[in-house]
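Working notes, beginning with the structure itself.
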Amino acid sequence: MIQIQPSTHPASAEERAQRMTNPGFGRIFTDHMVVVPYKEGEGWGKGVLKAYGPIEMDPAASVLHYGQAIFEGFKAYKQQDGSIATFRPEANSRRFNTSAARLAMPDLPEAIFLEAAKALITQDQAWVPGAVGESLYMRPLMIGTEAALGVRPSNEYLFILMASPSGAYFPAGVKPVTVWISDDYVRAAPGGTGFAKCAGNYAASLVAQHQAKGEGCDQVVWLDAVTRNYIEEMGGMNMFFVYQENGVTTIATPELTGTLLPGITRDSLLQLARELGYRAEERKITVDEWRAAIKSGRMTEVFACGTAAVITPVGHVKSKRGEWSINKGETGPVAARLREALLNLQHGLAPDTHGWMKKIVG
Ligand SMILES: *Cc1c(COP(=O)(O)O)cnc(C)c1O
């Protein structure tokens, strides 16, 4: 059971309203957070919901030196009837534990993960924005906190759940992005941590993102580490390529090889696409195929997907291998239709035939 210790200094209604105007992504946080400690031999301890604020750690805490840190991201959405529901949180709980196992961190029972979410969303429900496309972004994380400099798994951990009201992830909205295909850096290699949502993957990606910015691009496209031919992901999102052939629409996404992060949005879109009458496939896609299929007109759209930004179209591609544009740099109809279908489902505007929505409040 999570012990509830409400903040003695929650934001006033005016302050909250002011902070929730144009919240952007991940910049403002609600009044509370949930913290659950773990000790080897004792397991997970008593969880507490308390005022959001700094946590104290020993400077020798292992996360600060050897990077045992994993995280997740899912969202709570206002429904039409005023209730609040989260989207596939059990899938995030499962992936959290897959990441934990890769980093030799302890398994967190799904019951604790879901109870923490329910406690925090219930307590801070006034922070859930109402408009379609807006949500309360939930950020769970786990870090190694034992004070010891020996290189081995930490004996102590902290699970933390925080919540951040969010508007559109990309400030420019669903305007297509320009991407830089990274030939100099890779995100993940076979046997590495590509399938895990660990902090280190992001740390190692930042220099490539910086390079992309320098090339006038918004995001990096990652290639496989071994052949540098196969497309893997875009920044922290999975990718889809749309083909139109003989009246058939196909969406194709790079298959999960162990170096890609298995996105829950990716999985959801594969299912939704088939219901909308598209063919959906998971396979290997090369940079050469991308360029050739755009040139021949077979490929009509490209987009990336993830919890934070939902669907982001790709309008232009730059790389050391050449440059090309997709759909004249405009958002295409398939990306728009899938985005609407997913958002409608998440906000309760379309029936939840998959049992993906988990009601939390109301
Ligand atoms: C989180 C993440 C995604 C998207 O996963 P979702 O479950 O759809 O949010 C894709 N790629 C990377 C590298 C990620 O970290």
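Here, each number is a calculation from the coordinates, and none is a lab measurement. Since the structure is predicted, the reported quantities are computational estimates derived from the model, not experimental observations. With ideal geometry, Cβ positions are generated from the backbone for all residues, glycine too; neighbour counts draw on all protein chains shown.
May I ask for log10 I(q)/I(0) of the chain at q = 0.11 Å⁻¹, from a Debye sum over the Cα atoms as equal point scatterers with solvent left out? Debye intensities relative to I(0), on a log10 scale: -0.79.
Ordering of 52-61, 260-269, 199-208 by packing is 260-269, 199-208, 52-61, highest average first (other Cβ atoms within 10 Å, averaged per residue).
Modelled spin labels at Ala189 and His65, positioned 7 Å past Cα toward Cβ, are 2.5 nm from each other. If r is the Cβ-Cβ distance from Lys175 to Arg19 and R0 is 22 Å, what FRET efficiency results, to the nearest 0.05? For R0 = 22 Å, the calculated efficiency reads 0.30. Among Pro153, Pro333, Pro176, the residue with the largest mean-square fluctuation in a Gaussian network model of the chain, with springs joining Cα atoms closer than 10 Å, is Pro333.
Values of log10 I(q)/I(0) for region 2-166 across q = 0.09, 0.17 Å⁻¹ run -0.31, -1.03, by the Debye formula with one identical scatterer at each alpha carbon and no solvent.
Reported to the nearest whole Å, the Cα centre-to-centre distance from region 189-231 to region 141-167 is 23.
When peptides 283-295, 30-42, 133-145 are sorted by average Cβ neighbour count within 10 Å, with the highest value leading, the order is 133-145, 30-42, 283-295.
One Cα centroid belongs to region 312-333, the other to region 6-68; the line between them spans 39 Å. Taking every DSSP helix (H) stretch of at least 4 residues in the chain, weighting each as -39,500 (n - 2.57) and dividing the sum by the residue count yields a mean residue ellipticity at 222 nm of -8000 deg cm²/dmol.
Between Ala131 and Ser12, the FRET efficiency from the beta-carbon distance, with R0 = 30 Å, is close to 0.85.
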